[in-house]
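The values are calculated or read from the model by the stated rules, or taken from the named source; none is laboratory data. Nothing here was measured: the structure is a model prediction, and the numbers come from that model. Ideal geometry is used to build each Cβ from the backbone, glycine not excepted, and the neighbour counts take in all protein chains shown.
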Amino acid sequence: MGRYLPGDSLVYRLDPRGKFLLTFYFVGIVFLANNVASYAFLLAFVIFAVFLSKINFGFFLKGLKPVFWLILFTVALQLLFTPSANPLWHWGIFTFSKEGLVIAGYIFIRFILIIFISTLLTLTTTPIEISDSIESILKPLKKIKFPVTQVALMLSIALRFVPLLVDETTKIMDAQRARGVDFGEGGLIKRIKSFVPILIPLFVSSFSIAYDLAIAMESRGYKDGEGRSKYRVLSWDRRDNIMVIFMAAVTGILLFLRSY
Amino acid sequence: MEITFEHVTHSYNPNSPTANLGLDDVSFKIQDKKFTAIVGQTGSGKSTLVRHINALLKPTSGTITVGDRVITPETNNKNLKPLRKQVGMVFQFPESQLFEDTVEKDIMFGPMNFGASADDARESAHKMIKLVGLDESLLEQSPFDLSGGQMRRVAIAGVLASDPETIILDEPTAGLDPVGRQEIMDLFKSLQQDGKTIILITHNMDDVANYAEEMAVIHRGKLIAQGIPQEVFNNQELLKEDLLTLPKSAAFAKELTEKGFSFEKLPITINELGTEIEQQLNGD
């Protein structure tokens, strides 16, 4: 996952709804791969997609950073605990075998595939485009009285609040530091305690910002968003159709390689 | 404590496409036990500047000397407490720092962090609440039950309670009513007269004229003028370029010059203006 990076390429111009759904679809079909050929094919596809986005590869590697330890841990588990009839090495509860090595390799590639493709989505799609897509995708649920416009509004307000709360947190942390709080010093209990002077003011100010926002919206006549027109209009183009067909082809080839 | 900035540059997000200079080669001195005002437009770097004095921010290059403490880009985050005890800071809208369940505990928070005993901190809280013009009975209340103006005063008391030698004020009176504003400003002036160094960030030129002995003008991260307010407000270049606005009295005096008055130097406070007008009217 990464932060939106302003840019322009084919991947940027694709309809965000298509990108959003196909990213999830791809994460699903990653689990269909079961042999070297199918994993290699999916990896080639992801590298091709990264190439099309014209984004520096380094940004994708950065996406791995937050989950690095999770990957390492999972891979280590597979390496050491996969049961095997003829282990290469055995010590107490640990078993190291060829099967374990292969499974660990698959899991590692699976992580890479899923993280790269979702990083591709978040790097090339603004959060607001994603929330617009979710609204558009959920639209059919209106028939069963699901409050689609409200949910979409909640999403976009939540996204709008992120930078605001980051600023607010920095400000409060500075104020408490100036009053002698040392974050990240002392034992665990002391460290956890040192967050109380941040969290309480942060809650208080979030509530007051939310309250002000509600008043401001009501005073400008906001209703439930029914019949509201859109400033950003999503458009489904020929290239989006091509992307779907391309993805269908990828699935076909994958299914073929699977039984190969 | 004397505070010295030497070629201080601060860059936000260095080495990235969104890098921008918050401070650009700033060198100046803030004199001990004086009342110094720092003015400049929104986003000019005033707040960035003062955050260097208690090492909330560190310079990208250059050094800041606070008393005998030197802050450089290499200064690490350990052992900053003595510095932060000496340099108190009242942030913009400081009421957002309140968090304890009683006013008393909140005021005690700073001193206790700096190593004061609970008894000393409590004594200090009782002293400070009176100093900021609130009743001692408020000490037992929750800070969140107070009015906005009272919360502001409690937050200021919370900073003063650590007995800092230097007090930095970032627009401390923004959003207060005129009476509250003057009370708070008078309080800071009296603290200075008792031997504290006061650094005030403000957009209010009348406060500068009425309270400050020194002023510095910041524009786009650069220090463009420094001196006593009387002289800086007479700097025609700054006024022409709209980098500085005049206090009300000076603006009024300027209009009077078109009606035949003449001032050797623009009076900047209401008293100076009154005296000048009286003299000139009687002299004619």
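Out of all the residues in segment B:214-254, which are of a type in the set (Asp, Glu), at pLDDT 90 or above and part of a helix (DSSP H, G or I)? Steps first, please.
Kept after step one, since they are of a type in the set (Asp, Glu), are these residues of segment B:214-254: B:214, B:231, B:237, B:241-242.
With the extra rule that they be at pLDDT 90 or above, the set shrinks to B:214, B:231.
If the condition is that a residue be of a type in the set (Asp, Glu), at pLDDT 90 or above and part of a helix (DSSP H, G or I), then B:Glu231 is the only one that fits.
Hey, could you check segment A:180-221 for residues that are among the β-branched types (Val, Ile, Thr) and away from chain B (no Cβ under 12 Å) and say which is nearest to A:Met154 (Cα to Cα)?
We begin by selecting, within segment A:180-221, every residue among the β-branched types (Val, Ile, Thr); these are A:181, A:189, A:192, A:196, A:198, A:200, A:204, A:209, A:215.
From what's left, away from chain B (no Cβ under 12 Å): A:189, A:192, A:215.
Values: A:Ile189: 35, A:Ile192: 30, A:Ile215: 15 Å.
Among them, the one singled out is A:Ile215.
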Just wondering, is there one or more residues in segment A:189-212 that are in a loop (DSSP other than H, G, I, E, B), exposed (fewer than 14 other Cβ atoms within 10 Å of the Cβ) and out of contact with any helix residue (DSSP H, G or I) (no Cβ under 7 Å at 6 or more places or on another chain)? no
Contact list please: Cβ distance under 6 Å, first residue in segment B:106-124 and within 22 Å of B:Leu80 (Cα to Cα), second residue polar (S, T, N, Q), pairs at least six apart or on different chains. B:Gly110/B:Ser162; B:Pro111/B:Ser124; B:Pro111/B:Ser162; B:Phe114/B:Ser162
Those residues of segment B:153-173 which are closer than 18 Å to B:Ser96 by Cβ and touching a Phe, Trp or Tyr at 6+ places or on another chain (Cβ under 8 Å) amount to B:Gly158, B:Leu169, B:Asp170, B:Pro172
Within segment A:141-179, the count of residues that are surrounded by 14 or more Cβ atoms within 10 Å (Cβ to Cβ), more than 12 Å from chain B (Cβ to nearest Cβ) and of a type in the set (Gly, Ala, Ser) comes to 2
Give the residues of segment A:4-41 that are surrounded by fewer than 19 Cβ atoms within 10 Å (Cβ to Cβ) and not in a helix (DSSP H, G or I), sorted by residue number. A:Tyr4, A:Leu5, A:Pro6, A:Gly7, A:Asp8, A:Ser9, A:Phe31, A:Leu32, A:Asn34, A:Asn35
Quickly run through segment A:110-128 and pick out the residues that are touching a helix residue (DSSP H, G or I) at 6+ places or on another chain (Cβ under 7 Å), under 17 Å from A:Phe57 (Cβ atoms) and either without any contact (Cβ under 8 Å) to a residue 40 or more places away in the chain or of a type in the set (Ser, Thr, Tyr) (or both). A:Ser118, A:Thr119, A:Thr124
Log entry, pairs with first residue in segment A:59-85 being closer than 16 Å to A:Ile117 by Cα, second being among the polar types (S, T, N, Q) and in a helix (DSSP H, G or I), beta carbons closer than 7 Å, six or more apart or on different chains, reads A:Phe60/A:Thr119; A:Gly63/A:Thr119
Count of residues meeting criterion [within 21 Å of B:Pro267 (Cα to Cα) and free of Cβ contacts under 8 Å to residues at least 40 places away in the same chain] in segment B:187-239: 14
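Limited to segment B:64-91, what total is found for residues that are touching a strand residue (DSSP E or B) at 6+ places or on another chain (Cβ under 7 Å), assigned to a helix (DSSP H, G or I) and within 9 Å of chain A (Cβ to nearest Cβ)? Steps first, please.
To start, the set of residues in segment B:64-91 that are touching a strand residue (DSSP E or B) at 6+ places or on another chain (Cβ under 7 Å) comprises B:64-66, B:70-73, B:83, B:86-91.
Cutting the leftovers down to assigned to a helix (DSSP H, G or I) gives us B:83, B:86.
From what is left, the residues that are within 9 Å of chain A (Cβ to nearest Cβ) are none.
Matching residues across segment B:64-91 total 0.
Scan the strands (runs of 3 or more DSSP E) fully inside segment B:1-54 and keep the ones with 3 or more residues being modelled with pLDDT of 90 or more and among the charged types (D, E, K, R).
Values: elements: B:3-12, B:20-30, B:35-39.
It comes to B:20-30.
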Let me confirm something: among B:Pro59, B:Pro94, which residue is away from chain A (no Cβ under 13 Å) and either touching a strand residue (DSSP E or B) at 6+ places or on another chain (Cβ under 6 Å) or more than 16 Å from B:Met1 (Cβ to Cβ) (or both)? B:Pro59
In segment B:213-252, how many residues are under 21 Å from B:Glu264 (Cα atoms), in contact with a helix residue (DSSP H, G or I) (Cβ under 6 Å, 6 or more places away or on another chain) and aliphatic (A, V, I, L, M)? 3
Restricting attention to segment B:121-146, which residues are within 14 Å of chain A (Cβ to nearest Cβ) and either farther than 20 Å from A:Ser205 by Cβ or of a type in the set (S, T, N, Q) (or both)? B:Ala121, B:Ser124, B:Ala125, B:Met128, B:Ser142
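Here is a check on your reading of the model: is A:Asp182 under 24 Å from the mean Cα position of the chain (by Cα), surrounded by 12 or more Cβ atoms within 10 Å (Cβ to Cβ) and farther than 23 Å from B:Phe93 by Cβ?
Working: under 24 Å from the mean Cα position of the chain (by Cα): no; surrounded by 12 or more Cβ atoms within 10 Å (Cβ to Cβ): yes; farther than 23 Å from B:Phe93 by Cβ: yes.
No; evaluated as a whole, the condition is false for this residue.
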Just for segment B:240-269: of the residues that are among the β-branched types (Val, Ile, Thr) and in contact (Cβ under 8 Å) with a residue 24 or more places away in the chain, which one is surrounded by the most Cβ atoms within 10 Å (Cβ to Cβ)? B:Ile268
Regarding segment B:188-198, can at least one residue be identified that is within 13 Å of another protein chain (Cβ to nearest Cβ), in contact with a Pro (Cβ under 9 Å, 6 or more places away or on another chain) and of a type in the set (D, E, K, R)? no
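Considering only segment B:97-119, how many residues are among the basic types (Lys, Arg) and either at the interface with chain A (Cβ under 7 Å from one of its Cβ atoms) or in contact with a helix residue (DSSP H, G or I) (Cβ under 6 Å, 6 or more places away or on another chain) (or both)?
The qualifying residues number 0.
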